Amino acid sequence: MHTPFYYFTWFYEYAVFFYGITLFISYLLLALFSSIAIRAYFKKKSYTDNETIIYSPLAPGISVIAPAYNEELSIIANVRSLLTLNYVFYEVIIINDGSTDKTLEFLIEEFELVKIDYPYIDRINTQPVKQFFKSVNPAFSKLLVIDKENGKSKADGSNAGVNAAKYPYYVCTDVDCILHKDTLVELMRPIIQESKRTIIATGGPLRMANSCDFEGGELIRMRPPKPLIPRFQEIEYIRAYMLSKMGWSLVNAVPNVSGGLGLFNTEIAIKAGGYDYKSYAEDQDLIMRMIQYCCQEKIKYGIRYIPKTLCWTEGPPTLKAFVRQRTRWAQGLLQLMLAHKKMFFNPRYKRAGLIVFPYNFFFEFIAPIVEITGIIYMIVLALMDRINWPFAAVVFTFAYIYSVCMSIIAVLWDQLAFKNYKTWREAIGLCLTAFVEMFLFHPIVLFSGIRGYIYYMSGRRDKWGDMQRKGFDTQKTKKPAAERSTAPSYEPQP
Amino acid sequence: MISFISNLIQNFRHQALVIQMSLIVIAACIIVILLGFIIISVSRYRKRVRDRREAKLIPTFDELIYHYISFDQLPISEKEFQTKEGIVQEIDKKYFYRTKNKQLFLDRLIGFKKTFSGDMSEEINELFYDVGLHKFCMSKLSAFARHRKTKGLTEFIALGVPLADVHIIPLTHSRSRAVRTTARHAYIKLSKNNPFTFFDSSKEDLLVWEQIELFQIITTNEHLVIPNFSSWIAHSKNKSIVKFCLRLVEHYHQTEALPSVQRQLDSPEADIRSAAIRCLGNMRNTDYEDKMVRIYYEQNLDCQVDILDALGRIASGRYVDFLVNEFRNGSEFLIRKAASKALMRNLVYDPEEKERVIAEVMEHSSDEQKTMINYYQYPILKFA
């Protein structure tokens with residue numbers, strides 16, 4: 001007669017075994033899919049010329065939307081960078097989301113802005129919009145600045161931008177992100193090359209800006225970050241974009257288009273209700289609602305990712321800032337799971353309901369819980385002296401080496417496709433970082449994830465982070481820490 | 001540790017299945033990791049070698065191309081070669097033993113083609129033939145890989161060298177959309193025979209990028225005889241071709257095609273009506289204002305906005321009352337906004353009338369409407 005403990009261990013071990021096997025197989029498939037998707041991207045690119053699209057009167061227009069909250073340190077350089085993107089039909093909408101510093105004053109002064117009456121309607125509800133500004137200088141005719149009351153989230157600012165957008169597509173980014181000059185044409189390419197589906201969103205990879213060199217709002221030298229936390233994030237981002245999202249893109253099952261850089265269909269975003277200002281993962285939430293809208297309206301939608309890095313963002317340089325960021329992301333994930341639970345294995349939402357949402361649930365949301373229970377279970381078994389240590393070592397080595405292998409494959413795809421780093425040492429150095437990631441970085445991610453779930457369930461709301469932005473032009477002229485922006489700023493999620 | 005590993009390997013057959021699988025995956029992963037490092041290193045090394053080679057070859061190729069295309073203009077003292085054939089021989093013997101060099105030379109040639117026009121441009125084509133690159137490009141057209149075919153066609157298009165129909169036409173029926181489309185572009189750009197015939201037979205929708213490429217090829221090809229697009233507008237069953245032709249009518253300002261455009265206002269397809277309205281608006285022809293206003297109330301929101309926009313572009317001043325009415329009573333924000341914009345454009349040529357109408361409109365307007373009128377009056381702003 002077996003004890004209940006026996007049945008529990010039997011069930012738990014088998015469940016974790018099959019969970020792990022499914023996860024490993026899915027990673028393998030994603031690696032395969034992503035390689036196909038990257039090759040397809042290059043093939044398609046080989047017969048289209050960026051310049052033809054950039055200067056064509058037939059190219060669809062794009063509104064670039066960038067909410068800013070207390071970004072006085074970097075706002076000027078970054079808006080200048082946005083105004084020099086390579087595309088003909090585009091506008092730049094900066095939303096001053098009730099900044100308490102001199103963000104708006106700096107904008108007015110630098111870009112010769114004057115207050116204007118602007119025909120505006122709240123198609124998506126936001127905090128009240130106070131005033132609109134346009135430049136008297138024709139060189140900045142693409143720029144529109146919206147000054148609104150603080151909405152306590154990036155979502156509210158973005159919604160105001162979407163309301164004011166005049167073009168059929170909009171790119172949502174952060175003013176503290178540096179964009180590649182060809183960002184708009186690269187993001188537009190999957191839309192104009194698609195023959196079977198209405199592409200509702202496209203995204204491109206984000207990378208860490210921490211050790212890169214920028215000049216005049218443009219990247220001149222890309223390096224893997226030297227500080228350890230952003231360096232781990234670089235690996236994580238490469239894995240997330242080059243392996244995961246590119247793989248999902250091939251089978252039209254992209255779960256999320258990052259808030260740091262994404263191009264969206266304006267009309268569908270508005271009809272889906274825009275960004276949820278209460279959400280901690282407003283980008284993923286919007287994608288879910290856009291998918292739901294398309295399924296309801298029977299629109300054959302598509303979401304695409306491209307492998308070319310188009311956006312660089314400053315990662316949290318300190319452990320504290322990083323933990324806070326990840327805690328918030330975990331809260332966002334839990335919130336998302338609850339908000340869209342109706343999609344779970346719901347055939348009405350097709351791939352999104354049968355693949356995307358369950359995958360997110362089992363391998364993103366549940367993963368930290370499985371892991372933490374696994375650790376507790378191991379400790380209990382160890383105390384009861386019921387572990388076969390040699391075999392446990394084999395299984396652990398298997399999990400470890402497999403995760404390292406996936407990271408190396410992601411860096412390999414990235415290197416084969418773009419060779420972003422200048423030296424061999426940088427590329428191999430980044431690969432070697434993957435060997436310590438599991439011991440140094442992963443426990444922090446796990447801790448932050450569990451912390452986020454506990455915070456959310458206990459009703460504790462984390463504030464928007466107080467990440468210290470250094471600004472991209474401060475590497476040469478560093479300001480004292482006291483002068484740096486210490487106010488909440490928006491941070492993109494891969 | 002070593003004894004444990006050797007024990008595991010030696011007793012592999014007797015281990016539990018999970019351990020066997022784990023060991024196999026561990027071994028596979030180690031191989032993949034090592035391969036990853038090797039591939040990264042080798043690919044970086046190869047790129048370095050390629051970059052060095054290109055850095056060395058590009059200035060030489062540029063110099064040779066420049067010498068060839070400006071041979072007749074160069075003073076004798078600056079001539080490194082006695083004849084053009086000398087340049088060709090130098091290129092052929094010294095560099096063309098490697099396919100990679102051929103490709104690099106071809107890319108440079110295409111770069112020169114984009115920069116030069118007139119006689120120089122013709123000289124570039126001559127050099128293309130003299131060094132035998134036409135055979136190199138032609139070999140791509142018969143390659144198995146579809147992207148090689150597309151690349152070959154793209155190169156012919158970029159250089160604008162004539163290509164016999166016999167080579168292009170089979171590719172216009174390719175199963176690959178990319179090959180098919182590029183072949184059509186090549187046909188339009190390079191064929192001497194009626195290049196627009198595919199408009200008659202094409203059943204699949206033209207994608208936006210195809211339209212962009214076609215538009216660029218058609219509008220930048222000086223030797224192309226532009227046909228009257230009205231026949232396709234009137235008879236084509238392919239919606240995307242009708243819409244594309246409407247854009248071309250607009251671009252070439254083909255007033256003779258306007259009756260066909262006007263007939264599309266009665267099309268059952270909203271997006272075709274919309275394209276026709278935009279075309280008429282951009283052509284700024286006053287003859288069709290009446291019809292647009294007549295059908296206005298039967299249209300969906302997008303078409304109504306397009307009609308208001310078209311009336312604004314035509315700016316005849318004949319429909320000020322209609323625009324005032326729409327501005328005041330339009331149920332949708334977009335209607336009121338488009339009407340206010342069109343109204344301001346219609347009043348621009350008559351300052352007195354403008355002052356009177358604005359005063360009258362402002363008197364009974366809501367804050368939102370006043371904002372619209374004010375916005376479209378700012379002289380500092382450029383409105384698309």
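Results for (1) more than 14 Å from chain B (Cβ to nearest Cβ); (2) in contact (Cβ under 8 Å) with a residue 40 or more places away in the chain; (3) not polar (S, T, N, Q), shown as yes or no for each residue.
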{"residue": "A:Ala160", "(1), (2), (3)": "yes, yes, yes"}
{"residue": "A:Ala164", "(1), (2), (3)": "no, yes, yes"}
{"residue": "A:Val171", "(1), (2), (3)": "yes, yes, yes"}
{"residue": "A:Val175", "(1), (2), (3)": "yes, yes, yes"}
{"residue": "A:Pro190", "(1), (2), (3)": "no, yes, yes"}
{"residue": "A:Ile199", "(1), (2), (3)": "no, yes, yes"}
{"residue": "A:Ser211", "(1), (2), (3)": "yes, no, no"}
- For residues that are of a type outside the set (S, T, N, Q), assigned to a helix (DSSP H, G or I) and closer than 24 Å to A:Val175 by Cα, tally how many sit in the stretch A:291-329. 9
- For A:Phe24, the lone unmet condition from (1) modelled with pLDDT of 90 or more; (2) within 25 Å of A:Leu219 (Cβ to Cβ) is (2)
- Task: Name the residue, out of A:Gly247, A:Gly259, that is assigned to a helix (DSSP H, G or I) and surrounded by 24 or more Cβ atoms within 10 Å (Cβ to Cβ).
- Result: A:Gly247
- Task: State the number of residues belonging to the stretch A:381-391 that are among the hydrophobic types (A, V, I, L, M, F, W, C) and surrounded by 12 or more Cβ atoms within 10 Å (Cβ to Cβ).
- Result: 4
- Does B:Pro162 count as surrounded by fewer than 22 Cβ atoms within 10 Å (Cβ to Cβ), over 29 Å from B:Phe112 (Cα atoms) and either modelled with pLDDT under 85 or not charged (D, E, K, R) (or both)? no
- Item | Identity of the residue in the stretch A:242-289, farther than 18 Å from A:Ala164 by Cα and of a type in the set (Asp, Glu), that ends up nearest to the chain's Cα centre (by Cα) | A:Asp283
- Message: Which count do you get for residues in the stretch B:138-158 that are part of a helix (DSSP H, G or I) and either away from chain A (no Cβ under 14 Å) or within 17 Å of the chain's Cα centre (by Cα) (or both)?
- Response: 10
- Item | The one condition in (1) within 14 Å of another protein chain (Cβ to nearest Cβ); (2) in contact with a Leu (Cβ under 8 Å, 6 or more places away or on another chain); (3) closer than 30 Å to B:Val242 by Cα; (4) not β-branched (Val, Ile, Thr) that B:Gly281 fails to fulfil | (1)
- Message: Against the definition (part of a helix (DSSP H, G or I) and either out of contact with any helix residue (DSSP H, G or I) (no Cβ under 8 Å at 6 or more places or on another chain) or in contact (Cβ under 8 Å) with a residue 24 or more places away in the chain (or both)), how does A:Asp385 come out, yes or no?
- Response: no
- B:Asp306: passes all of (1) modelled with pLDDT of 95 or more; (2) away from every other protein chain (no Cβ under 14 Å) but (2)
- Hey, B:Ser316 within 14 Å of chain A (Cβ to nearest Cβ), over 23 Å from A:Ser141 (Cβ atoms) and of a type outside the set (Phe, Trp, Tyr) or not: no
- Of all residues in the stretch B:15-59, which are more than 11 Å from chain A (Cβ to nearest Cβ), within 30 Å of A:Val411 (Cα to Cα) and among the aliphatic types (A, V, I, L, M)? B:Val49, B:Ala55
- Task: Determine if the stretch B:370-381 includes at least one residue that is touching a helix residue (DSSP H, G or I) at 6+ places or on another chain (Cβ under 9 Å) and modelled with pLDDT under 80.
- Result: yes
- For the stretch B:319-338, what are the residues that are hydrophobic (A, V, I, L, M, F, W, C), within 14 Å of another protein chain (Cβ to nearest Cβ) and over 15 Å from B:Asn374 (Cβ atoms)? B:Phe333, B:Leu334, B:Ile335, B:Ala338
- Does A:Val394 qualify as being touching a Leu at 6+ places or on another chain (Cβ under 8 Å), surrounded by 17 or more Cβ atoms within 10 Å (Cβ to Cβ), over 27 Å from B:Ala16 (Cβ atoms) and within 14 Å of another protein chain (Cβ to nearest Cβ)? no
- Item | Selection status of B:Glu250, assigned to a helix (DSSP H, G or I), of a type in the set (Asp, Glu) and in contact with a Cys (Cβ under 8 Å, 6 or more places away or on another chain) | yes
- Out of all the residues in the stretch A:409-445, which are closer than 16 Å to B:Arg48 by Cα, buried (at least 18 other Cβ atoms within 10 Å of the Cβ) and either under 22 Å from the mean Cα position of the chain (by Cα) or more than 10 Å from chain B (Cβ to nearest Cβ) (or both)? A:Gln415, A:Ala417, A:Asn420, A:Tyr421
- Failed condition for A:Val175, given (1) under 21 Å from A:Ile93 (Cα atoms); (2) within 17 Å of the chain's Cα centre (by Cα); (3) not in a loop (DSSP other than H, G, I, E, B), with all others met? (3)
- Item | Extreme residue, surrounded by the fewest Cβ atoms within 10 Å (Cβ to Cβ), among residues of the stretch B:177-223 that are facing another protein chain (nearest Cβ under 10 Å) and over 15 Å from the mean Cα position of the chain (by Cα) | B:Glu204
- Message: Just to verify a result, which residue in the stretch A:14-31, among those that are more than 10 Å from chain B (Cβ to nearest Cβ) and surrounded by fewer than 14 Cβ atoms within 10 Å (Cβ to Cβ), is farthest from A:Pro255 (Cα to Cα)?
- Response: A:Tyr14
- Is it true that some residue in the stretch B:7-14 is within 14 Å of A:Cys405 (Cβ to Cβ), assigned to a helix (DSSP H, G or I), more than 8 Å from chain A (Cβ to nearest Cβ) and modelled with pLDDT of 80 or more? no
- Note on the structure: Just one listed residue, out of A:Arg231, A:Arg223, A:Arg207, is in contact (Cβ under 8 Å) with a residue 60 or more places away in the chain and in a helix (DSSP H, G or I), and it is A:Arg231
- Message: Which condition from (1) assigned to a helix (DSSP H, G or I); (2) in contact (Cβ under 8 Å) with a residue 24 or more places away in the chain; (3) over 25 Å from the mean Cα position of the chain (by Cα) is the one that A:Trp10 breaks?
- Response: (2)
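The values are calculated or read from the model by the stated rules, or taken from the named source; none is laboratory data. Computed from a predicted model, the values in this text were never measured in an experiment. Methodologically, a virtual Cβ is constructed for each residue, glycine included, from the backbone with ideal geometry; neighbour enumeration extends over all protein chains shown.
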